[in-house]
Amino acid sequence: MQQRIINTAESMFFRFGIRSVTMDDIAKELGISKKTIYHYFTDKDDLVEKVTENAMSNQMTKTCMIIDASKNPIEELMFSTKMMREMLENVNVVLFFDMKKYHPNSWKKYMDFKTVHLEIVKKNLNEGIAQKLYRSDIDVEVMSKLRVETIDMAFNMELFPPNLYNILKVQLESMDHFIRGIVTTKGLEIYEKTRLAI
């Protein structure tokens, strides 16, 4: 039951944001009493924290599977982009605003996850350079931070108002720009082929 509540809350938070979804809404969606939810979670903040942990854990599992299944660093980025595309099709950007403003513990977990993601990007860049798919003159420290922060930047509602910009399109444009800026001629060839295949 606890996992069912987490899964349902996650789906609702992703679609509508956190603040607009009440504990009553979640109970109604599940067909249970609000009391049942409070049996497993202290309050909404506790539930948001558990949902955040669950979402980060699932994403890390998928990321590890992508790394294991990829033939090269470019394919890894392409599969990661596909995963992001599937996730963002159901995400309301207000989710990140709500988390940052109203749920600081969950936001800290998200920021910690970003640190882990940064190391994954660094590893990808170093492997790409070693395989001569990425330019040898790129600064891995700088480019990895730029990549991770650019992902977050697309969620900035002041910079990219949801009524004017499609968040998925912003993220895909950003990734395309990033890859084209780091690849060698050999890497570009693989990127173009892989992009069409995935």
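The values are calculated or read from the model by the stated rules, or taken from the named source; none is laboratory data. None of these values were measured; they are calculated from a predicted model. Every residue, glycine among them, receives a Cβ derived from its backbone with ideal geometry; neighbour counts consider all protein chains shown. These area figures cover heavy atoms from the full protein model, side chains too; ligands, DNA and RNA do not enter into them. Shrake-Rupley method; radii C 1.70, N 1.55, O 1.52, S 1.80 Å.
Looking only at region 60-80, decide whether some residue is open to solvent by 40 Å² or more (accessible area, probe 1.4 Å), without any contact (Cβ under 8 Å) to a residue 60 or more places away in the chain and over 21 Å from the mean Cα position of the chain (by Cα). First the steps, then the outcome.
First pass over region 60-80, keeping only residues open to solvent by 40 Å² or more (accessible area, probe 1.4 Å): 60-62, 64-65, 67-69, 71, 79.
Next, only the ones that are without any contact (Cβ under 8 Å) to a residue 60 or more places away in the chain stay: 60-62, 64-65, 67-69, 71.
From what is left, the residues that are over 21 Å from the mean Cα position of the chain (by Cα) are 71.
Among the residues of region 60-80, at least one is open to solvent by 40 Å² or more (accessible area, probe 1.4 Å), without any contact (Cβ under 8 Å) to a residue 60 or more places away in the chain and over 21 Å from the mean Cα position of the chain (by Cα), which makes the answer yes.
For a quick check of your reading of the model, give me the residue pairs whose first member lies in region 122-133 and is in contact (Cβ under 8 Å) with a residue 24 or more places away in the chain, whose second is small (Gly, Ala, Ser), with beta-carbon atoms closer than 9 Å and at least 6 apart or on different chains.
Asn124/Ser80; Asn124/Ser144; Leu125/Ser144; Gly128/Gly187; Gln131/Gly187; Lys132/Gly187; Leu133/Gly187
Scan region 78-100 and tell me whether some residue there is over 26 Å from Met157 (Cα atoms) and of a type in the set (Ser, Thr, Tyr).
No, the conditions are met nowhere in region 78-100.
Yes/no matrix, rows are residues, columns are (1) exposed (fewer than 14 other Cβ atoms within 10 Å of the Cβ); (2) among the hydroxyl-bearing types (Ser, Thr, Tyr); (3) not in a helix (DSSP H, G or I):
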site	(1), (2), (3)
Lys28	yes, no, no
Ile32	no, no, yes
Val51	no, no, no
Ala55	no, no, no
Asn58	yes, no, no
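For region 178-198, which positions are open to solvent by 40 Å² or more (accessible area, probe 1.4 Å) and hydroxyl-bearing (Ser, Thr, Tyr)? Give the steps one after another, and end with the answer.
Taking region 178-198 and keeping what is open to solvent by 40 Å² or more (accessible area, probe 1.4 Å), we get 180, 185-186, 188-190, 192-193, 195-198.
The one that is open to solvent by 40 Å² or more (accessible area, probe 1.4 Å) and hydroxyl-bearing (Ser, Thr, Tyr): Thr185.
Only one of (1) under 14 Å from the mean Cα position of the chain (by Cα); (2) open to solvent by 30 Å² or more (accessible area, probe 1.4 Å); (3) among the polar types (S, T, N, Q) fails for Asn126. Which number is that?
(1)
Within region 1-26, track down each residue that is over 19 Å from the mean Cα position of the chain (by Cα) and either closer than 22 Å to Leu88 by Cβ or assigned to a loop (DSSP other than H, G, I, E, B) (or both). Give the derivation first.
Restricting attention to region 1-26, the residues satisfying the condition of being over 19 Å from the mean Cα position of the chain (by Cα) are 1-5, 19-26.
Hits for region 1-26 are Met1, Arg19, Ser20, Val21, Thr22.
From the list Met87, Met175, Met99, exactly one residue is under 18 Å from the mean Cα position of the chain (by Cα), surrounded by fewer than 18 Cβ atoms within 10 Å (Cβ to Cβ), in a helix (DSSP H, G or I) and among the hydrophobic types (A, V, I, L, M, F, W, C). Which is it? Quick ask: steps written out before the conclusion?
Numbers: Met175 fails: surrounded by fewer than 18 Cβ atoms within 10 Å (Cβ to Cβ); Met99 fails: surrounded by fewer than 18 Cβ atoms within 10 Å (Cβ to Cβ).
Step by step, each of Met87, Met175, Met99 is checked, and only Met87 is under 18 Å from the mean Cα position of the chain (by Cα), surrounded by fewer than 18 Cβ atoms within 10 Å (Cβ to Cβ), in a helix (DSSP H, G or I) and among the hydrophobic types (A, V, I, L, M, F, W, C).
Kindly indicate the residue of region 140-162 that is among the β-branched types (Val, Ile, Thr) and modelled with pLDDT of 90 or more and also farthest from Phe96 (Cα to Cα) among those meeting that condition. Can you show your working first?
Of all residues in region 140-162, those among the β-branched types (Val, Ile, Thr) come to 140, 142, 148, 150-151.
Those still in the list that are modelled with pLDDT of 90 or more too: 140, 142, 148, 150.
Numbers: Val140: 27, Val142: 24, Val148: 15, Thr150: 14 Å.
Residue satisfying both the conditions and the ranking: Val140.
How about region 158-168: which of its residues are open to solvent by 50 Å² or more (accessible area, probe 1.4 Å) and either in contact with a Ser or Thr (Cβ under 9 Å, 6 or more places away or on another chain) or closer than 13 Å to Val91 by Cα (or both)?
Correct list: Pro162, Asn166.
Within region 34-48, can you find the residues that are within 24 Å of Phe97 (Cα to Cα) and surrounded by fewer than 18 Cβ atoms within 10 Å (Cβ to Cβ)?
Applying the first criterion (within 24 Å of Phe97 (Cα to Cα)) to region 34-48 yields 41-48.
Within region 34-48, Thr42, Asp43, Asp45, Asp46 meet the criteria.
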